[in-house]
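Chemist: Mind having a look at this structure? Questions to follow.
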Amino acid sequence: MQFNLVSKDPKSAARAGEITTDHGKINTPIFMPVGTAGSVKGLHIHDVKTDVNAEIILGNTYHLYLRPGLDILHQVGGLHKFNGWDRPILTDSGGYQVYSLADRRKLTREGVVFQSHIDGSKHQFTPERVMDIERTIGADIIMAFDECTPYPCDYKYAASSLDITHHWLDRCVEQVKNTEPQYGYNQALFPIVQGSTYRDLRVKSAEYIASKGADGNAIGGLSVGEPHEDMYEMTDLVCRILPDDKPRYLMGVGTPANILESIALGVDMFDCVMPTRNGRNGQLFTSEGIINIKNEKWKDDFSPIDPNGASMVDQVYSKAYLRHLIVSKEILGAMIASQHNLAFYLWLVRQAREHIISGDFASWKNVMAAKVNNRL
RNA sequence: GGGGAGAUACCGAAGCGGUCAAACGGGGCAGACUGUAAAUCUGUUGGCUCAGCCUUCGGAGGUUCGAAUCCUCCUCUCCCCA
């Protein structure tokens, strides 16, 4: 994997770049649709590619390991072959499930024992095991196994958790070094900075992660309920330490405004379930602001979902029709809303990239960040 | 013509003398959702000058300290028999 910086914004830390993988190039800053179980919920892979114009999508190690399981993924030749997506894929390691499934797992320095949310069966995830699983899934970018700490998180816990995450990272690096990709293309390991909302822990972690010389670096443990100011403060702090010539990935972020602000701090990659999950629940993100399409006021608004929208669905369907579909719990409603939101997110990061290259990102960002936060 | 059952808030449906402005569903309205245990979850849903008051359980009377709940008549629905 390679990263080339294309352009830097003179008035902020924003940059435009290009990641090259064996499955093609990724223009940064980029938003990566989340496809936890091997599918971007509600969308055909064809639409993710040609309508949303996604350049890379996510898969999840924990979920894919449980279902369909490694046998199937190995038989078919990896996730790309399985779901038909021939562009880059990134897999999260299950570190987020250490957080979100906290009441069904036991964490030790050795690893984590999960109780499956599907059938209750027990499974052990160690850094070595997770690397093996990510090898079998076959993503282009594989995430180190970490603990995403909750918020709030007391200092003592955050510090000891960080120590474990760093220890696990060493083991991930070692395991990746000692194993080969299974399908003939390369896999890049991204380590993850943790440290909750504590400056000294974040600095310590960022310095440690930077010292590993990975192809790209991630910032985790944010957007878990902390105030936005804390999230930006930590992101800023960490971005100043992580190497400039490697992509920076802010995990799990976020709202359109979060993404714009974080790009300004030097982040290159994002992922979030928000466009799909919130879309299914009737929340639309548009260039003019946020719409709760379930609200009564849209019932007779026959204008396009988003007149400036980048997706086919924006032109074809009206707000009133989409409201009807969502309110009626029609599957198509969830599909349209998800597709619209993802297309908007991808449009937004493409715009950001263009403005970084043209040199007016900072001023554009300030206007746009306010606009996308409007409640319509 | 004869016999029986029933009418409760937007809808369905509990309640069968006080703790009932009335359970529970649905619908309506609003909110939440950030590396997806989420096509999920939460709040609210008679009115008002709102820790109190007013009007409500088909209609009109009545019994009672007190009625959605008991009695009488009326209106309307549904079922069975002829």
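Since every read-out is calculated from the coordinates, none of them should be taken as a lab result. Please read all numbers here as calculations on a predicted model, not as lab measurements. Positions of Cβ are backbone-derived with ideal geometry, glycine not excepted, and every protein chain shown enters the neighbour counts.
Chemist: Collect the residues in the stretch A:102-143 that are touching a residue at least 40 places away in the same chain (Cβ under 8 Å) and part of a helix (DSSP H, G or I), keeping them in residue-number order.
Modeler: Hits for the stretch A:102-143 are A:A102, A:P127, A:E128, A:V130, A:M131, A:D132, A:I133, A:E134, A:R135, A:T136, A:I137.
Chemist: Pairs only if they're at least six apart or on different chains, beta carbon under 6 angstrom, first in the stretch A:279-296 and closer than 10 Å to A:A334 by Cα and in contact (Cβ under 8 Å) with a residue 60 or more places away in the chain, second in a strand (DSSP E or B) and within 10 Å of RNA strand B (Cβ to nearest atom); list them, first residue then second.
Modeler: none
Chemist: Anything in the stretch A:31-50 that is of a type in the set (S, T, N, Q) and either within 14 Å of RNA strand B (Cβ to nearest atom) or crowded, with 18+ Cβ neighbours inside 10 Å (or both)? List them, or say none.
Modeler: Step one: list which residues in the stretch A:31-50 are of a type in the set (S, T, N, Q), which gives A:36, A:39, A:50.
Within the stretch A:31-50, A:T36, A:S39 qualify.
Yes/no matrix, rows are residues, columns are (1) of a type in the set (F, W, Y); (2) within 27 Å of A:E55 (Cα to Cα); (3) within 16 Å of RNA strand B (Cβ to nearest atom):
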site	(1), (2), (3)
A:F145	yes, yes, yes
A:S161	no, no, yes
A:N178	no, no, no
A:A188	no, yes, yes
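Chemist: Please count how many residues of the stretch A:53-75 are within 15 Å of A:G35 (Cβ to Cβ) and charged (D, E, K, R).
Modeler: The number of residues fulfilling the criteria is 2.
Chemist: Restricting attention to the stretch A:319-353, which residues are more than 11 Å from RNA strand B (Cβ to nearest atom) and not in a helix (DSSP H, G or I)? Spell out how you get there, then give the answer.
Modeler: As a first pass, look at the stretch A:319-353 and keep what is more than 11 Å from RNA strand B (Cβ to nearest atom): A:319-322, A:336, A:339-340, A:343-353.
Of everything in the stretch A:319-353, nothing turns out to be more than 11 Å from RNA strand B (Cβ to nearest atom) and not in a helix (DSSP H, G or I).
Chemist: On to the next question. Looking at (1) over 24 Å from A:L169 (Cβ atoms); (2) without any contact (Cβ under 8 Å) to a residue 60 or more places away in the chain, which is the one condition that is false for A:I241?
Modeler: Result: A:I241 fails condition (1) only.
Chemist: Report the residue count in the stretch A:266-281 for those that are assigned to a loop (DSSP other than H, G, I, E, B) and either more than 8 Å from RNA strand B (Cβ to nearest atom) or under 10 Å from the mean Cα position of the chain (by Cα) (or both). Outline the logic, then answer.
Modeler: Just the residues of the stretch A:266-281 that are assigned to a loop (DSSP other than H, G, I, E, B), to begin with: A:266-268, A:273, A:281.
Imposing the further condition that a residue be either more than 8 Å from RNA strand B (Cβ to nearest atom) or under 10 Å from the mean Cα position of the chain (by Cα) (or both) reduces the set to A:266-268, A:273.
Of the residues in that region, 4 qualify.
Chemist: Take the residues of the stretch A:84-101 that are in contact with a Ser or Thr (Cβ under 8 Å, 6 or more places away or on another chain) and in a loop (DSSP other than H, G, I, E, B): which is surrounded by the fewest Cβ atoms within 10 Å (Cβ to Cβ)?
Modeler: A:P88
Chemist: Of the conditions (1) without any contact (Cβ under 8 Å) to a residue 24 or more places away in the chain; (2) assigned to a helix (DSSP H, G or I); (3) within 12 Å of RNA strand B (Cβ to nearest atom), A:D300 satisfies every one except a single condition; which number is it?
Modeler: Of (1) without any contact (Cβ under 8 Å) to a residue 24 or more places away in the chain; (2) assigned to a helix (DSSP H, G or I); (3) within 12 Å of RNA strand B (Cβ to nearest atom), only one is false for A:D300: (2).
Chemist: Ok, one more. What are the residues in the stretch A:166-220 that are part of a helix (DSSP H, G or I), over 28 Å from A:G254 (Cβ atoms) and among the polar types (S, T, N, Q), if any?
Modeler: Hit for the stretch A:166-220 is A:Q175, nothing else.
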